[in-house]
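Notes follow once the structure below has been shown.
The values are calculated or read from the model by the stated rules, or taken from the named source; none is laboratory data. Note that the structure is a prediction, hence the values are computed from the model and not measured. Note that we place each Cβ from the backbone using ideal geometry, even for glycine, and neighbour counts take in every protein chain shown. Note: accessible area is taken over every heavy atom of the protein model, side chains too, but ligands, DNA and RNA are not part of it. Shrake-Rupley method; radii C 1.70, N 1.55, O 1.52, S 1.80 Å.
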Amino acid sequence: MLDGSASRLNQQELISAQAYILSESLRKCQIKNQVTSFCSIRGTTVMQILKDFNENDSSKIFRYFASGWNRDALAIMASSHADILLVLTDANPNDSRPIQKNSIAKKSYEGKEAIDDTALAVRHLRQEGINVSAIFMGRNDLVDNVKQIYGKMGYTRIKNMEQFASSAGHLIASQF
């Protein structure tokens, strides 16, 4: 699952190329896989299936585009049909629309509230038996976020996008 928020604008071609390489490698190993992206636009989380489990053609992955915000917890919970979920993330869930807990209380979807919400979604899927890991490519000041959300052993950090497919392959291999 690819973070499709605007923070990825300057890397979208490289992200789609790396996701394509990974998807094709898995397909050639006869491992069904799905590639999705997510972003939030005007308070709605948009999930785009770039390659579905039963498709052999991975070329639609190149339709990946980055825009908007990101409400990571909703996207993670929408992926509850997978055995393994790898999330490419900057560990900075942030949306322009607040969390509305009830008809009165509103909390902004950023900082601690957004991190706690995303960590809760990851824990929920793990309790359901889904292996959730992250490939983190983000700023140094966001390392604590990724640790809180995915746990100290639930992520790998990459310094540049060229490491994405290889790092994802290692995470997948560690699950089998």
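Quick notes on this structure:
- Segments 90-97, 138-145 sorted - mean Cβ within 10 Å per residue, highest first: 90-97, 138-145
- Applying the Karplus relation 6.51 cos²θ - 1.76 cosθ + 1.60 with θ = phi - 60° to segment 154-171 yields 3J(HN,Hα) values of x, 8, 10, 9, 10, 8, 9, 5, 4, 8, 4, 4, 5, 5, 5, x, 5, 5 Hz, where x marks Gly and Pro.
- Helix 12-28 vs. the chain, principal-axis angle (Cα, 0 to 90°, nearest 10): 50 degrees
- Our helix-only sum for the chain, with -39,500 (n - 2.57) per DSSP H run of n ≥ 4 divided by its residues, gives a mean residue ellipticity at 222 nm of -10500 deg cm²/dmol.
- For segment 17-176, with all protein chains in place and a probe radius of 1.4 Å, 50% of the accessible heavy-atom surface sits on carbon or sulfur.
- Structural size metrics of segment 46-176, computed from C-alpha coordinates, are Rg and Dmax of 15.2, 48 Å.
- Hydrodynamic radius (Kirkwood) for segment 23-122, which is based on Cα pairs only, to one decimal in Å: 14.8 Å
- Per-peptide average of other Cβ atoms within 10 Å, ordering 107-115, 120-128, 26-34, 68-76 highest first: 68-76, 107-115, 120-128, 26-34
- Sequence-ordered 3J(HN,Hα) estimates for segment 136-146 from the Karplus curve with 6.51, -1.76 and 1.60 and θ = phi - 60° stand at 9, 10, x, 5, 4, 6, 9, 4, 4, 4, 5 Hz, glycine and proline given as x.
- Of the peptides 59-66, 152-159, the ranking by mean beta-carbon count within 10 Å, highest at the top, reads 59-66, 152-159.
- Pairs of Cα atoms nearer than 8 Å and 6+ residues apart set the relative contact order; for the chain it is 22 percent.
- For segment 1-91, the solvent-accessible area with a 1.4 angstrom probe is 48 square angstrom per residue.
- Cβ-placed point charges (K, R +1; D, E -1), dipole of segment 1-61 about Cα centre in debye, nearest 20: 80 debye
- Euclidean distance of C-alpha centroids, segment 139-176 and segment 36-60, integer Å: 21 Å
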